[in-house]
1. If I filter segment 371-385 down to residues being within 16 Å of Ala402 (Cβ to Cβ) and in contact with a Gly (Cβ under 7 Å, 6 or more places away or on another chain), which single residue comes out as surrounded by the fewest Cβ atoms within 10 Å (Cβ to Cβ)?
2. Which of the following residues is assigned to a helix (DSSP H, G or I) and more than 28 Å from Asn191 (Cα to Cα): Val421, Val409?
3. Looking at the structure I just gave you, is Arg391 of a type in the set (D, E, K, R), part of a helix (DSSP H, G or I) and more than 22 Å from Asn262 (Cβ to Cβ)?
4. Kindly indicate the residue of segment 296-325 that is among the polar types (S, T, N, Q) and surrounded by 21 or more Cβ atoms within 10 Å (Cβ to Cβ) and also modelled with the highest pLDDT among those meeting that condition.
5. Which members of segment 235-262 meet the condition of being buried (at least 21 other Cβ atoms within 10 Å of the Cβ), at pLDDT 90 or above and out of contact with any Ser or Thr (no Cβ under 7 Å at 6 or more places or on another chain)?
6. Ala133 is checked against (1) closer than 22 Å to Gly37 by Cβ; (2) among the hydrophobic types (A, V, I, L, M, F, W, C); (3) crowded, with 21+ Cβ neighbours inside 10 Å and fails just one. What number does that condition carry?
7. Of all residues in segment 159-195, which are under 23 Å from Ala125 (Cα atoms) and hydrophobic (A, V, I, L, M, F, W, C)?
Amino acid sequence: MSPRLQAAVPRRGALGALVALEFGSLPQSAHGKWVRGHSILNPGQAHVIAKFCFDYHAACIGIHSNDGCPFAERPGMMDFNVSVDASGESANVGVPEMQQQELYLALLDDEYFSYPEVSQVWSEASCRDVKTAAKKSIRLDWNQLHMEGGQYLNVPLVEKIRPRWWYIALVSCSGQAAQAVEISYSMHLMNRLRGWQGELSMDLMGVCKTALLLCAMFGLVLATQLRSVRAWMALSGQGQWLRIHPVLLLLTYSSCLAFLGNACWSVYYWHYMRDGEIYETWANLARLGVLSAKTIMQIIMLLLAQGQCICSCDIAWSDHSQLIWGMAVFGLFSFGLEVWGNTECWSTSTEFVYDTRPGCLLVAFDIFWLWAYASRSYGTLCRETRIKPRRFYMSYGLLFGAWFAVLPVVAALARVLAPWVRFGITFACSGLAHAVVLAILVYTFKPDIAVDLYELKMQEYKAINAEELNRLIQNDDGTL
């Protein structure tokens with residue numbers, strides 16, 4: 001390693017990921033089986049074009065072969081197809097080799113002396129530095145790069161101890177007099193020992209099953225809420241569901257959006273697992289649905305904290321405009337952060353999106369909402385002497401307040417988890433907490449439960465048991 005590189009490492013350790021992001025080249029689609037894109041490579045430059053977490057095979061230890069493991073037992077496989085766009089460089093084909101550009105495909109992993117060290121000074125690292133840090137560097141054939149179909153490479157991968165992140169970089173070792181070259185690439189990255197999940201990076205193992213389970217859970221919650229709304233319409237004698245209490249409408253919207261969002265996640269990961277293709281439209285729809293559902297649910301909880309529907313039978317929307325706009329802005333920033341975090345996954349960072357600087361700001365904002373909920377709930381409880389409101393705040397108030405602590409807890413948990421299991425665990429924990437809290441909220445607004453907790457312009461109705469409620473829904477005649 002060059003003296004300049006060694007001197008820069010201690011000074012820039014904390015900025016490694018940011019430097020790598022700034023100077024890395026982002027492909028068109030990544031973090032899956034297929035990675036496709038193009039990169040303009042200047043002389044002496046190196047671009048990280050993909051990262052992927054590969055599996056390991058402990059049985060490979062002690063097996064004597066050239067690469068440490070028989071071909072059939074190697075856990076990872078990389079297929080590359082690289083070509084040079086003919087627009088600016090085709091005239092160089094057939095020129096003497098000394099005038100041709102020297103290009104390499106460098107494979108680095110997450111061991112300290114590989115990518116983590118060189119990434120700290122990525123913008124200043126020389127071609128030699130990157131090649132030294134790489135576990136394997138392959139010189140690209142200049143003439144093959146210009147042929148139709150480009151150059152094909154097949155690289156098996158062996159890991160012995162644990163899953164590791166691998167970083168694929170294009171490196172130019174050409175002299176400063178050489179011209180910039182535009183390289184197109186297509187990669188197939190695969191965990192061969194993972195069977196039907198072989199197309200997934202190790203950090204996504206089991207996520208598809210989690211998404212399907214969450215979709216089923218939110219489907220049950222939605223069915224319960226729709227049944228409850230039908231019961232409320234029957235109780236009120238109104239056949240139009242838009243005329244029921246606004247909180248019941250908000251809760252229905254939240255349940256629908258949560259179900260649709262998780263259904264989109266299921267479709268996204270199913271396609272991802274089946275053919276390795278990334279359909280970002282499904283992912284963005286999933287984020288939009290889930291975050292919208294969470295935002296509406298949090299608005300309901302903050303309204304409850306201020307006594308709406310508990311101490312008063314209606315909602316004075318004009319008195320809560322700041323709360324609603326603040327929560328809407330929080331939801332929009334959360335959506336923007338997660339979309340940006342997806343582009344982070346395309347680059348070189350393995351950090352949890354809510355542990356980044358923008359993410360920490362949103363976590364702090366979420367802690368503010370926790371304080372707002374707790375203080376307003378306590379203030380309402382102290383002012384109220386009636387049994388019903390006090391019953392709600394003493395039984396369900398603390399439970400709903402715990403929801404606002406989920407994001408900080410998940411962010412703290414992500415800091416201590418290994419990066420190859422972090423996403424699967426945080427995805428499951430966040431989704432499960434959302435499903436449980438939403439289910440409890442839906443349960444409290446069932447007619448036979450809500451009459452003992454809320455004021456919903458329904459004071460004239462008496463408590464009913466499950467048998468009476470079923471009969472009422474079946475008859476749908478609006479009478480008790």
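1. Step by step, filter segment 371-385, then rank; the result is Ala374.
2. When all the criteria are applied, what remains is Val409.
3. Against the criterion (of a type in the set (D, E, K, R), part of a helix (DSSP H, G or I) and more than 22 Å from Asn262 (Cβ to Cβ)), Arg391 qualifies.
4. Quick first cut of segment 296-325, residues among the polar types (S, T, N, Q) only: 298, 306, 308, 312, 318, 321-322.
Add one more test, that the residue is surrounded by 21 or more Cβ atoms within 10 Å (Cβ to Cβ), and what stays is 298, 306, 308.
Working: Gln298: 93, Gln306: 83, Gln308: 79.
Filtering first and then ranking leaves Gln298.
5. Correct list: Leu251, Ser254, Ser255, Ala258, Phe259, Gly261, Asn262.
6. Ala133 satisfies every listed condition except (1).
7. The answer is Trp165, Trp166, Ile168, Ala169, Leu170, Val171, Cys173, Ala177, Ala178, Ala180, Val181, Ile183.
The rows are residues; the columns are (1) among the hydroxyl-bearing types (Ser, Thr, Tyr); (2) farther than 30 Å from Leu260 by Cα.
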| site | (1), (2) |
| --- | --- |
| Arg164 | no, yes |
| Tyr167 | yes, yes |
| Ser172 | yes, yes |
| Gln179 | no, yes |
| Ser184 | yes, yes |
| Leu193 | no, yes |
| Trp196 | no, no |
| Leu204 | no, no |
| Leu212 | no, no |
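The values are calculated or read from the model by the stated rules, or taken from the named source; none is laboratory data. No experiment lies behind these values; they were computed from the predicted model shown. Ideal geometry is used to build each Cβ from the backbone, glycine not excepted, and the neighbour counts take in all protein chains shown.
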